[in-house]
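To keep things clear, I will list the structure first and then write my remarks on it.
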């Protein structure tokens, strides 16, 4: 910018000298006036980005696939000089679909560029809101920003890099799960109760009138004889137990043989949906996958049922990338001993997982093998996925449908 100023000064000095030689007062006056404007423009541009602040954020930093949020941009000019032709640039990940702004373009790699133009008067604060519509589950980054102004008359430009950055986490779609699915998977009895899936047969709480659904061993014969009618024992609930949800992202034996992306997205949704339902029943839920997490190798969430457990599992699913280096069985040492295990896979030859994990500690092992997705059309143009799955484990292989309610 200084070089450009020097060039303009040389030009106008030359015009002034020439005007003096030829005796042209108009040429001398015009050259001096133009030089003054150039100097003012230079100084204006020099201070144009001073006391100019920018704040960015997302209205919701964590959303579910299919939902929308807003990108909020706030500019504050805290000085007496107005700011003209200000351009704000940001890079963002492809697929985030940032709607609005002056223009968006494509950069090399997995990035797009967003920019918008502004003019701010003295001591003005300006807010803009842009619609964000992510295409799919994942973690989206927005950053590497820059402020650029062309100054008073557009002859000089000033640039400043921004350290502001944002991350938008998009969870997989979550659907309600029928209690019958949960019962077929893990219930240790004929009936599921809210918050618990088993009772402690040693810790008797009292008796009540016999009901047809009661088991024969639940009948208290001594109390029944005394009251001359059947009475059944009732028990205090025991701890609900632990379930490890194991997500195998393989679609083939080797990673380079390809990944069925659509099937995997269904698997992510299924894992999150079942995790939420188990946690709502008071069950401690852990998560393990051989996909690539945000950091390191192999994604892991330790079993728990605290208020933030579902968010931890959904966040792990959001960061998970369909890349694997090792078979899921090689991560078995990370599992909680004695916990039940539910394996979700799109790999049609993956039944050896069930046999492998069945031998790792106590607890049942089930495996859901996702088949071709079945599309269920709802009102309008909205399509919600349903899917068929083979359920292996327990009392033998079964077939069931899992669809949004």
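Quick note: the coordinates plus some simple rules give every number you see, no bench work behind them. For clarity, every value in this text was computed on a predicted model and none was experimentally measured. Here the Cβ positions follow ideal geometry from the backbone for every residue, glycine too, while neighbour counts run over all protein chains shown.
The stretch between residue 47 and residue 59, if pulled fully straight at 0.36 nm per residue, gains 1.1 nm over its current Cα-Cα span. Annotation: the residues 146, 15, sorted from fewest to most other C-beta atoms within 10 Å of their own C-beta, follow the order 146, 15.
Protection proxy ranking for 47-59, 305-317, 279-291, using the average of other Cβ atoms within 10 Å per residue and placing the highest first: 279-291, 305-317, 47-59. Hey, could you get me the Stokes-Einstein D for the stretch 52-171, Kirkwood radius over alpha-carbon pairs, 37 °C and 0.692 mPa s, rounded to whole µm² s⁻¹? For the chosen part, D equals 219 µm²/s. Exposure proxy shown here: for 64, 71, the number of other Cβ atoms within 10 Å sets the order, fewest to most, as 64, 71.
Using the Cβ-Cβ distance between residue 34 and residue 85 with R0 = 25 Å, the FRET efficiency computed as 1/(1 + (r/R0)^6) comes to roughly 0.75. FRET efficiency for the residue 99 to residue 228 pair, using the beta carbon distance and R₀ = 56 Å, is estimated at 0.15.
Assuming R0 = 25 Å, can you tell me the calculated FRET efficiency for the pair residue 125 and residue 157, based on Cβ-Cβ distance, to the nearest 0.05? My answer for the efficiency is 0.60. Counted residue by residue at 0.36 nm each, then reduced by the alpha carbon distance between them, the extension gain from residue 24 to residue 76 reaches 14.0 nm. Between the alpha-carbon centers of the stretch 285-324 and the stretch 24-58, tell me the distance in whole angstrom. Rounded to whole Å, the Cα centres lie 54 Å apart.
Sorted fewest first by neighbouring Cβ atoms within 10 angstrom, 366, 85, 44, 221 come out as 221, 85, 44, 366.
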